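**Student:** Okay, handing you the structure first.
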Amino acid sequence: QVQLVESGGGVVQAGGSLTLSCVASGNIFSTSTVGWYRQAPGKQRELVASVTSGGTTTYGDSVKGRFTVSRDNAKNTVYLQMNSLKPEDTAVYYCNADYIFYNYWGQGTQVTVSS
């Protein structure tokens, strides 16, 4: 069983930046589409950004131009660089690795943006 571990969350003021990391215990990112999702209290989980095994990236409308997803397959790590953070970005952020034979989730990391 592969485990995904997110880190890098915390409390930041509006306008600040954070970088989240997602590390896989196995070498799965080279074949997976890896997505960052978030869930705020009382809201549904939503896709923030994703990157395919070929490097194609997708972003949610609310984060376009502010967030950047990248991957380092050699380190089994995917990053989410978050700039110009807003209070509405406050949520638990989850990493997901999706392939036809598996779908893994991390435990999440809390991001809190104060106004």
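**Student:** How many of the residues in segment 40-49 are under 20 Å from Gly15 (Cα atoms) and surrounded by fewer than 20 Cβ atoms within 10 Å (Cβ to Cβ)?
**Tutor:** 1
**Student:** Can you name the residue in segment 11-25 that is of a type in the set (Gly, Ala, Ser) and loosely packed, with under 13 Cβ neighbours inside 10 Å and, of all such residues, is modelled with the lowest pLDDT?
**Tutor:** Going through the qualifying residues, I end up with Ser25.
**Student:** So, in segment 77-103, how many residues would count as being open to solvent by 30 Å² or more (accessible area, probe 1.4 Å) and farther than 16 Å from Leu47 by Cβ?
**Tutor:** Of the residues in that region, 11 qualify.
**Student:** In addition: What number of residues within segment 20-57 are touching a residue at least 12 places away in the same chain (Cβ under 8 Å) and over 15 Å from Thr90 (Cα atoms)?
**Tutor:** Number of matching residues: 22.
**Student:** Let me spell it out: the conditions are (1) open to solvent by 70 Å² or more (accessible area, probe 1.4 Å); (2) within 18 Å of Tyr104 (Cβ to Cβ); (3) modelled with pLDDT of 95 or more; (4) polar (S, T, N, Q), and Gln1 meets all of them except one. Which number is the exception?
**Tutor:** With respect to (1) open to solvent by 70 Å² or more (accessible area, probe 1.4 Å); (2) within 18 Å of Tyr104 (Cβ to Cβ); (3) modelled with pLDDT of 95 or more; (4) polar (S, T, N, Q), Gln1 is out only on (3).
**Student:** Moving to a separate point now. Might you let me know whether segment 50-66 holds any residue that is open to solvent by less than 10 Å² (accessible area, probe 1.4 Å), under 11 Å from Val111 (Cβ atoms) and out of contact with any helix residue (DSSP H, G or I) (no Cβ under 7 Å at 6 or more places or on another chain)?
**Tutor:** Looking for residues that are open to solvent by less than 10 Å² (accessible area, probe 1.4 Å), under 11 Å from Val111 (Cβ atoms) and out of contact with any helix residue (DSSP H, G or I) (no Cβ under 7 Å at 6 or more places or on another chain), one finds none in segment 50-66, hence no.
**Student:** Since Asp72 meets every condition but one in (1) over 16 Å from Gln13 (Cα atoms); (2) open to solvent by less than 60 Å² (accessible area, probe 1.4 Å); (3) in contact with a Ser or Thr (Cβ under 8 Å, 6 or more places away or on another chain), which condition does it not meet?
**Tutor:** Result: Asp72 passes all but (3).
The values are calculated or read from the model by the stated rules, or taken from the named source; none is laboratory data. From a predicted model like this one, the values you see are computed outputs, not experimental measurements. FYI the Cβ positions are ideal-geometry reconstructions off the backbone, even for glycines, and counts take in every protein chain you see. The protein model used for the area step is the full one, side chains on, heavy atoms only, and it has no ligands, DNA or RNA in it. Shrake-Rupley method; radii C 1.70, N 1.55, O 1.52, S 1.80 Å.
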